[in-house]
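*Asks:* Dropping the structure in here first, questions after.
The values are calculated or read from the model by the stated rules, or taken from the named source; none is laboratory data. Just so it is clear, the model here is predicted, and its values are computed rather than measured. We place every Cβ from the backbone using ideal geometry, glycine too, and count neighbours over all the protein chains shown.
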Amino acid sequence: MLYQFYEMNHAAVAPWRVAAGLSRAFWRLPLNPFAGTSIGRSMEASLEVFERATRRYGKPVFGIEETIVAGEPVPVVERVVWHKPFCNLLHFSKAKSPPGEPTVLIVAPMSGHYATLLRGTVEAMLPFADVYITDWVDAREVPVFQGGFDLDDYIDYVIEMLRHLGPRTHVMGVCQPSVPVLAAVSILSAQNDPVTPASMILMGGPIDTRRNPTAVNALAVAKGIGWFRKNAIERVPFPNPGAMREVYPGFMQLTGFMTMNLDRHIDAHRELYWHLVRGDGDSAEKHREFYDEYLSVMDLTAEFYLQTVEKVFIRHDLPKGTFTHRGVPVNPKAITKTALMTVEGEKDDISGVGQTEAAHDLTVNIPPEKKRHYLQLGVGHYGVFNGSRFRSEIVPRIVDFIRANN
């Protein structure tokens, strides 16, 4: 019933949001004698903060129209090149590419936020690679008759996309996908499949959450899968296309993320108010851009969410050697030709230091010269795949690694 109450609350507040929007327009009117005064700016700032705090944020767009190749601006066109009910494969096609450019598949997290959270990752890789990314679909938008989607399906999707892209593809698993990406590469390697990736880059992922466990890891172990099944799963209400589908709602995950750092988010919105009052448009716009992305969330299918919690965070199936796909054991030791790079952030409070590096201990048959680990100092989870240090320090290392194994 929680989902229904959430929808009802959103509908109940809707008239107030409309009123807030109209009132903001009034305080900006040139004919209003208080427009531009401290009183007018204070009222307008208060109304914007209220409207943003009660808004439902839709799916953002990548909006990448240009990149730089060999020092020259090159147009970019976004296209869907592969489609399944729960995922679209996006290709950022460049009007001009250097010969021998590596193909990179970025597997985005299916963990509440949309793939656009990795917009900075895509932008940073575009000058050096032919980039594709998984664009996961909000489960509330997928009708029940389309079937379910679990962790096995996720692995199948990754394998199918790699087959679509062909041999010598390089795959990047960012955060949560590190586990299914490692599983997919293990399966392809065991089958000696020609589309087995040339390299695999795992970034801030929960390969072995027993190492340096974070608050997120500790919660999963302490509560147990029964608690999550009882308290985290809801049915999508009508009139959404996915009505009656069991999901882990995005708004619940967002609530969990925000309460972990509630003081910081409250301070950020307080600062937005003062930026608006002082007329600091640049700072206010940076706030808007960040929270437009951060507050845009999607629902996950119940089966995928519960399996991930149980297999990855509670039972630790992959590092224990008990991870299966369609009932068949997954063996990372089968990987012999795919190069492996892991990237972690020193201050990561989602995937602790050492959790991603654990992939090296599981892939014992990859030659040492085809392995690399990098710990980025001074960054948290988000900084592993986005931000200034990602662009200046992490990306060059990833590019060098890919080129060395292309």
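*Asks:* Where the second residue is outside any helix (DSSP H, G or I) and the first is of a type in the set (Lys, Arg) and lies in the stretch 298-321, which pairs have Cβ atoms under 8 Å and are six or more apart or on separate chains?
*Replies:* The qualifying pairs are Lys311/Phe323; Arg315/Thr322.
*Asks:* What are the residues in the stretch 47-77 that are surrounded by 15 or more Cβ atoms within 10 Å (Cβ to Cβ) and farther than 30 Å from Gly21 by Cβ, if any?
*Replies:* Thr67, Val69, Val74, Val76
*Asks:* So if I check each of Ala334, Ala359, which one is within 24 Å of the chain's Cα centre (by Cα), farther than 17 Å from Thr214 by Cα, in contact (Cβ under 8 Å) with a residue 40 or more places away in the chain and surrounded by 15 or more Cβ atoms within 10 Å (Cβ to Cβ)?
*Replies:* Values: Ala334 fails: within 24 Å of the chain's Cα centre (by Cα).
Result: Ala359 is the single residue among Ala334, Ala359 that is within 24 Å of the chain's Cα centre (by Cα), farther than 17 Å from Thr214 by Cα, in contact (Cβ under 8 Å) with a residue 40 or more places away in the chain and surrounded by 15 or more Cβ atoms within 10 Å (Cβ to Cβ).
*Asks:* Starting from residues that are modelled with pLDDT of 70 or more and hydroxyl-bearing (Ser, Thr, Tyr), keep the ones in the stretch 18-56 and report whichever is nearest to the chain's Cα centre (by Cα).
*Replies:* Step by step, filter the stretch 18-56, then rank; the result is Ser46.
*Asks:* From the residues in the stretch 106-128 that are of a type in the set (A, V, I, L, M, F, W, C) and under 14 Å from the mean Cα position of the chain (by Cα), which one is surrounded by the fewest Cβ atoms within 10 Å (Cβ to Cβ)? Even if it seems obvious, please write down each step before you answer.
*Replies:* Start the filter on the stretch 106-128 by keeping residues that are of a type in the set (A, V, I, L, M, F, W, C), which leaves 106-108, 110, 115, 117-118, 122, 124-126, 128.
Now narrow it down to the ones that are under 14 Å from the mean Cα position of the chain (by Cα): 106-108, 110, 115, 117-118, 122.
Values: Ile106: 25, Val107: 29, Ala108: 26, Met110: 28, Ala115: 26, Leu117: 21, Leu118: 24, Val122: 24.
Filtering the stretch 106-128 for residues that are of a type in the set (A, V, I, L, M, F, W, C) and under 14 Å from the mean Cα position of the chain (by Cα), the one surrounded by the fewest Cβ atoms within 10 Å (Cβ to Cβ) comes out as Leu117.
*Asks:* So Val131 ticks every box in (1) free of Cβ contacts under 8 Å to residues at least 40 places away in the same chain; (2) part of a strand (DSSP E or B) but one. Which box is left unticked?
*Replies:* (1)
*Asks:* Do the conditions hold for Pro206, that is, is it assigned by TED's automatic domain parsing to the domain that holds Leu318, in a loop (DSSP other than H, G, I, E, B) and surrounded by fewer than 18 Cβ atoms within 10 Å (Cβ to Cβ)?
*Replies:* Numbers: assigned by TED's automatic domain parsing to the domain that holds Leu318: yes; in a loop (DSSP other than H, G, I, E, B): yes; surrounded by fewer than 18 Cβ atoms within 10 Å (Cβ to Cβ): no.
Taking the combined requirement at face value, the residue does not satisfy it.
*Asks:* Within the stretch 211-243, track down each residue that is among the charged types (D, E, K, R) and either under 20 Å from Pro109 (Cβ atoms) or surrounded by fewer than 15 Cβ atoms within 10 Å (Cβ to Cβ) (or both). If you could, list the steps in order and put the result at the bottom.
*Replies:* First, the residues of the stretch 211-243 that are among the charged types (D, E, K, R): 211, 223, 229-230, 234-235.
Listed by number, the residues that qualify are Arg211, Lys230.
*Asks:* Given the structure, is Thr322 more than 23 Å from the chain's Cα centre (by Cα), exposed (fewer than 15 other Cβ atoms within 10 Å of the Cβ), over 15 Å from Thr214 (Cα atoms) and modelled with pLDDT of 95 or more?
*Replies:* Details: more than 23 Å from the chain's Cα centre (by Cα): yes; exposed (fewer than 15 other Cβ atoms within 10 Å of the Cβ): yes; over 15 Å from Thr214 (Cα atoms): yes; modelled with pLDDT of 95 or more: yes.
Here the answer is yes, as Thr322 does meet what is asked.
*Asks:* Looking only at residues in the stretch 371-393 that are assigned to a helix (DSSP H, G or I) and in contact (Cβ under 8 Å) with a residue 60 or more places away in the chain, which one is surrounded by the most Cβ atoms within 10 Å (Cβ to Cβ)?
*Replies:* The initial filter retains those residues of the stretch 371-393 that are assigned to a helix (DSSP H, G or I), namely 382-384, 388-393.
Filter once more, so that each one left must be in contact (Cβ under 8 Å) with a residue 60 or more places away in the chain: 384, 390-391.
Values: Val384: 29, Phe390: 22, Arg391: 14.
Per the criteria, the residue is Val384.
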